[in-house]
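> Before anything else, here's the structure in question.
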Amino acid sequence: MQWLQRSVGLAIVGTAALGAVALWLAVAAGAPERGRAPSEGVLFGIWRVFYDTEMPAPRVLLAAAGVALLLAAAVAGLERRLLTRARRSEDGNRMPLAPKLVMSETRGQFAGPVTITVLIPAHNEEGCIAETLTSLLAQEPPPARIVVVADNCTDGTVRLAREAGVEVFETVANRHKKAGGLNQALHDLLPAQGDNDCVMIMDADTTLDPGFLAGATRRLTDDRALMAVGGLFYGEDGFGLIGQFQRNEYTRYQRDLRRRRGRVFVLTGTASVFRPRALRAVAEERGKLLPGVPGDVYDTVALTEDNELTIALKTLGALMVSPRECTVVTEVMPSWSGLWAQRLRWQRGALENLGAYGMRPQTFRYWMQQLGIGYGVIALGAYLLLILLMVLATSSWVWFPFWIGIGLVFTLERVVTVWHGGWRARLLALSLFPELGYAMFLNVVYLKGVWDLTLARQADWKHIVQPDTAARTGV
């Protein structure tokens with residue numbers, strides 16, 4: 001298993017590189033038209049560089065578009081087939097949460113109205129916990145219970161929670177960060193929960209939009225086979241350019257989920273609601289169908305516990321949704337070092353989760369997603385490298401009409417996909433090159449995650465302490 005985990009990054013990057021080489025060979029196979037020689041430049045006075053300002057041959061463009069469309073259609077078709085099979089499964093040993101099984105077992109039963117108990121894992125969150133609790137207490141209907149899971153807090157988190165009138169669960173000798181603290185709280189909570197007494201896990205730096213709990217309650221009431229409801233998150237205001245980069249990224253993620261009609265990528269740790277049946281099934285299957293310690297809901301080894309729990313639930317056949325009415329505001333990283341630490345943990349955690357689960361039907365899309373990221377790293381890196389070579393090898397700027405056209409299409413896509421983010425989001429997307437720089441930053445994070453995983457370097461769960469509300473908003 002350790003060997004598999006170490007080889008995940010290499011397998012993904014290697015496959016993406018092979019795809020890039022195949023595409024390059026297809027493009028290189030198109031020779032210039034008879035009688036028209038390519039232009040020439042000289043790099044550093046010793047390296048002759050040839051370039052052609054004409055667009056690639058139509059057959060090359062058609063082949064590239066065809067391969068892309070076929071691959072996208074194949075991934076989407078296979079995902080749909082797997083989802084349909086999971087919905088119809090009657091295999092209680094391998095898919096105990098499959099909708100058909102759940103509907104059959106609960107037919108004619110009434111487990112009472114849907115209620116929601118909120119668990120908020122918190123480690124030194126005095127700067128934001130009050131705002132989080134305020135957004136919760138303002139929900140209609142309100143939560144049945146609110147429990148702050150205080151893990152080794154040394155600041156005023158516990159005091160502020162008690163002053164707000166909510167329960168506090170203080171962890172005991174927890175060495176497993178957020179996942180360990182939640183496991184302790186869930187171990188005490190779950191045995192007393194009825195089938196409709198749902199549990200929401202919510203980050204301490206998140207605020208719910210009005211209507212979140214109402215939307216989640218309605219979804220869970222209308223569909224008793226639904227095992228989890230995830231939130232759609234967007235970034236808080238502030239923190240200048242780095243904050244806007246992240247808000248644009250989150251806006252695009254929301255748009256992707258809406259186009260998928262709420263089909264879940266990840267049950268976000270910012271705020272997700274679970275049926276007790278789902279959490280109990282995960283705990284029961286740890287060490288059998290699922291990696292982890294038997295009896296634990298969360299795998300304490302996973303760096304990204306929300307992503308791992310999503311894969312676990314999908315493996316057990318659970319039906320999940322991220323509806324448009326369930327939105328939350330989450331933190332953005334205030335510095336490049338904080339963003340680097342956060343994204344490196346996300347990327348490393350995603351790769352380690354794939355290594356832990358291997359190639360299963362439920363992980364196929366995640367493998368393809370990582371493959372797409374790897375190919376994107378190669379493609380964007382090659383594009384910027386070729387621009388640099390052209391600048392160094394020629395005495396004047398060379399215009400490539402075809403690639404300018406591609407760039408305009410790309411810019412239009414950038415603007416359209418953040419349109420709902422407001423004028424600042426559109427302006428940043430229109431400028432293009434700053435977002436390309438941000439994309440390259442994320443690509444470097446991706447490569448660092450692959451490199452660290454391949455060398456089996458120990459990963460850190462770095463906790464970023466957010467400034468208080470006044471510091472973030474400038475009040």
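> Using only Cα atoms and rounding to the nearest 10 degrees, what angle (0 to 90) does helix 2-28 make with the longest principal axis of the chain?
For 2-28 against the chain, the angle is about 30 degrees.
> Starting from 0.36 nm per residue, how many nanometres of slack lie between Val416 and Gln369 once their C-alpha separation is accounted for?
Stretched fully, the Val416-Gln369 segment lengthens by 14.7 nm.
> Relative contact order for the chain: what is it in percent, counting Cα pairs under 8 Å that are at least 6 residues apart?
After rounding, I find 22 percent.
> A further question on this structure: Please list, or write none, the aspartates and glutamates whose alpha carbon is within less than 15 Å of the alpha carbon of Lys100, excluding same-chain residues fewer than 8 places away.
Glu90, Asp91, Asp223
> Per residue of the chain, what 222 nm ellipticity follows from adding -39500 (n - 2.57) for every DSSP H run with n ≥ 4, rounded to the nearest 500?
Rounded to the nearest 500, it is -17500 deg cm²/dmol.
> Same structure again: For the chain, take the convex hull of the Cα atoms, compute a quarter of its surface area, and give me that in nm², please. Please report the intermediate quantities before stating the final value.
Details: hull surface 101.4 nm².
Averaging across all directions leaves 25.3 nm² for the Cα convex hull.
> Find the relative contact order for segment 89-332 and round it to a whole percent, using C-alpha pairs within less than 8 Å whose residues are 6+ positions apart. Please report the intermediate quantities before stating the final value.
Numbers: 489 pairs, mean separation 64.7, N = 244.
After rounding, I find 27 percent.
Only the coordinates and a few stated rules stand behind these numbers; no lab work does. Just so it is clear, the structure is predicted and the values come from calculations on it, not from any experiment.
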